[in-house]
Amino acid sequence: MTTDKSRSISFYILTALMLFQGLSGIYGGSALVLDPSGEMLGLPISLLEGTPFESYLIPGVILLLVLGLFPLVVAYGLAWGTSWAWTGAVLVSIALIIWIGVEIVLIGYQSEPPLQLFYGSLGIALLILTLLPSNQYDLN
């Protein structure tokens, strides 16, 4: 744990965005697990045509765990200055970028609503914030 109380603004932004990603992933993943048809989120099942998935259940479980629960654990680690938080933040960032990239490959780019653009940008922002030298210092 870090004992230094003078953390950078970018560190707090990183922690807040990680918390946001976690809560967002919990919401979306839970909705897809509870309703694998996608109707709860307004996702037509037709989006899955040509993908390995017949329903949104498996993507929902991945979203819930990898991009929901894991970022919340990492946000906790960031807040408490644990030694593993930096690695976790890098992994969440990369996972989110990969998630959006694979989604675009499988179902195509969906501009309305612009969720792919938003979350792809969030993944890049998380990675940049995590790699800032001031945040690497804060997390070690």
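Report, by residue number, each residue of the stretch 88-128 that is among the hydroxyl-bearing types (S, T, Y) and over 14 Å from F70 (Cα atoms).
The answer is Y109, S111, Y119, S121.
Filter the stretch 35-75 for residues that are among the charged types (D, E, K, R) and surrounded by fewer than 16 Cβ atoms within 10 Å (Cβ to Cβ) and give the result.
Those that are among the charged types (D, E, K, R) and surrounded by fewer than 16 Cβ atoms within 10 Å (Cβ to Cβ): E39, E49, E54.
Return the residue satisfying two criteria in turn: it lies in the stretch 62-78 and is of a type in the set (A, V, I, L, M, F, W, C) and over 12 Å from G25 (Cα atoms), and of such residues it is modelled with the lowest pLDDT.
So the residue we want is L78.
Looking at (1) assigned to a helix (DSSP H, G or I); (2) of a type in the set (D, E, K, R); (3) open to solvent by 70 Å² or more (accessible area, probe 1.4 Å), which is the one condition that is false for E112?
Here E112 clears every test but (1).
Please determine whether any residue of the stretch 76-84 is free of Cβ contacts under 8 Å to residues at least 60 places away in the same chain, surrounded by 15 or more Cβ atoms within 10 Å (Cβ to Cβ) and part of a helix (DSSP H, G or I).
Looking through the stretch 76-84, at least one residue is free of Cβ contacts under 8 Å to residues at least 60 places away in the same chain, surrounded by 15 or more Cβ atoms within 10 Å (Cβ to Cβ) and part of a helix (DSSP H, G or I).
Quickly run through the stretch 95-108 and pick out the residues that are under 13 Å from A125 (Cβ atoms) and open to solvent by 50 Å² or more (accessible area, probe 1.4 Å).
Within the stretch 95-108, just I97 meets the criteria.
The values are calculated or read from the model by the stated rules, or taken from the named source; none is laboratory data. In this text, all values refer to a predicted model and were calculated from it rather than measured experimentally. Heads up, the Cβs are rebuilt from the backbone with ideal geometry, glycines too, and the neighbour counts pull from every protein chain shown. In case anyone asks, the SASA skips ligands and DNA or RNA and just uses the protein heavy atoms, side chains included. Shrake-Rupley method; radii C 1.70, N 1.55, O 1.52, S 1.80 Å.
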